[in-house]
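Below: one structure, written as structure tokens.
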Ligand SMILES: Nc1ncnc2c1ncn2[C@@H]1O[C@H](COP(=O)(O)OP(=O)(O)O)[C@@H](O)[C@H]1O
Ligand SMILES: [Mg+2]
């Protein structure tokens, strides 16, 4: 377990939404409540436009909620000012749906950015930055792209760089917005393996937004095997069994919350859309 | 209808909020001087050729048209002062501002718009960088520094264009053209001639940033933001020049 994850383990809940409302022209989040415990994996399913990305942005205060409470790392961020949010956000890694990689910076500089910028944890010395960037890029198997620009990479490679940037600070909570969207099945599975690996190596809580049921399945049923590399069925290694909770969103509301077995048992027609047998 | 006005008022508020933050950041750390330099180059050096071209021909055409009218009063000797006053007070600032609005307000809006739709601006905030400090303030500073200088270049090149007509077509000597032209200038003209580009610079850069930062709706949205930025910035240049001229005429 990383230092950050341990700190949160003491603090209790990683993220809590308490009856959160958020609207633009129409209501986008409607009475959303849930809690994420340290080390937990939460898979959010839902149709396009159901508010999944908005939920993730509200979780780190990029969007302001109209009502209700958002508690991140034990701190109520609902009405926190932007400058005070910086310190809380440093505990969260984010992979954005559209990537969010800075296209004016090289891959290496992109991954170094959180280390150099989030000075809240104290300045990281230059050689330490270099070491951790290399390590993060090695983690996603993209060491060789260090000096390239994001525009020179394929979609799958950009996603992996995004993951490297999200996890380079070893945050206790990582948000992944549609990590497999628009990717071929093989690349998508590679990405999910990386996310599972990050979870199992560092013990970070993960929130994964996706429309692919397999992604959730991988998180629920597989563990990263550090000895052989690659994923193994969780049943073969019962010692490490982080919780995986599924949540289904529809038009801004959470219409289902529960583990994989109850998701598969659900009789709700909308929920069943997201379950493949 | 009331929906439309509500949207307009809220947009107006958002704009002033952005403007306030951008100005406040000028006096606040961290300063991104590298970005300021980069923007100065894009705005100043990049616009120079088109500003020179346009400046020259506006002075050239102005002198040509004026000399015909002045000739009917036997007053062609006044062409220098007339070109000078028109350029320094109005044409230099306005033409330069319109060119920079077309080139840079659009450039800024499309650049920031792409960053917005690819969530780079969200990523910046998530990683502890204030996007206004990093993106808007450098563009504001760079435009405010470069636009007055570009305007001076346009004024000067325009005078040279007027001189070309006076020399070749009106057979005037250099001193016949330049001396009365310089003598006509008053302190007031300098103030007006430099205040305008400074204010236009604020409007152009902030309008470009504003439409860029509020881009939504993917690639199409970036195109929309770009067009809006140019149109709105240009309209404001016209409105403000009339307004400022009005103030100075009354002084
Ligand atoms: N910045 C915004 N301004 C206005 N509407 C927005 C904005 N962001 C998202 N929305 C709207 O909120 C709804 C939910 O969006 P989103 O969370 O992105 O959906 P998804 O579940 O596909 O990620 C959509 O109807 C979208 O149009
Ligand atoms: Mg989304």
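The values are calculated or read from the model by the stated rules, or taken from the named source; none is laboratory data. These figures come from a predicted structure and were not determined experimentally. All Cβ positions, even for glycine, are placed from backbone atoms using ideal geometry, and neighbour counts span all protein chains on display.
Just a few scattered comments:
- Residue under evaluation residue A:212, criteria (1) within 16 Å of ligand 1 (Cβ to nearest atom); (2) within 14 Å of chain B (Cβ to nearest Cβ); (3) out of contact with any strand residue (DSSP E or B) (no Cβ under 6 Å at 6 or more places or on another chain), criterion not met: (2)
- Scan of the stretch A:174-206 for residues that are within 16 Å of ligand 1 (Cβ to nearest atom) and more than 14 Å from every other protein chain (Cβ to nearest Cβ), ordered by number: A:180
- Whichever residue in the stretch A:84-96 is in contact (Cβ under 8 Å) with a residue 12 or more places away in the chain and surrounded by fewer than 21 Cβ atoms within 10 Å (Cβ to Cβ) and, among such residues, is nearest to ligand 1 (Cβ to nearest atom): A:85
- Residue under evaluation residue B:140, criteria (1) in contact with a helix residue (DSSP H, G or I) (Cβ under 6 Å, 6 or more places away or on another chain); (2) surrounded by fewer than 24 Cβ atoms within 10 Å (Cβ to Cβ); (3) away from every other protein chain (no Cβ under 14 Å), criterion not met: (2)
- Scoring residue A:181 on the criteria (1) within 16 Å of ligand 2 (Cβ to nearest atom); (2) modelled with pLDDT of 95 or more; (3) out of contact with any helix residue (DSSP H, G or I) (no Cβ under 6 Å at 6 or more places or on another chain) leaves a single failure, condition (2).
- All conditions in (1) closer than 16 Å to residue B:140 by Cβ; (2) in contact with a helix residue (DSSP H, G or I) (Cβ under 7 Å, 6 or more places away or on another chain) hold for residue B:33, with the sole exception of (2).
- Residue list for the stretch A:8-25, filter: loosely packed, with under 15 Cβ neighbours inside 10 Å and either at pLDDT 95 or above or away from ligand 2 (no atom under 16 Å from the Cβ) (or both): A:10, A:11, A:12, A:19, A:23, A:25
- The single condition among (1) in contact (Cβ under 8 Å) with a residue 60 or more places away in the chain; (2) within 16 Å of ligand 1 (Cβ to nearest atom) that residue A:17 does not meet is (1).
- Of the strands (runs of 3 or more DSSP E) lying entirely inside the stretch A:195-276, the ones with 3 or more residues being closer than 21 Å to residue A:29 by Cβ are found at A:205-209, A:244-250, A:253-258.
- Checked against (1) out of contact with any strand residue (DSSP E or B) (no Cβ under 6 Å at 6 or more places or on another chain); (2) assigned to a helix (DSSP H, G or I); (3) within 16 Å of ligand 2 (Cβ to nearest atom), residue A:161 passes all but a single condition, namely (3).
- Checked across the stretch A:145-163, the condition of being within 11 Å of chain B (Cβ to nearest Cβ), under 16 Å from residue A:199 (Cα atoms) and in contact (Cβ under 8 Å) with a residue 12 or more places away in the chain holds for at least one residue.
- Count of residues meeting criterion [crowded, with 21+ Cβ neighbours inside 10 Å and either over 12 Å from the mean Cα position of the chain (by Cα) or within 15 Å of ligand 2 (Cβ to nearest atom) (or both)] in the stretch A:40-53: 8
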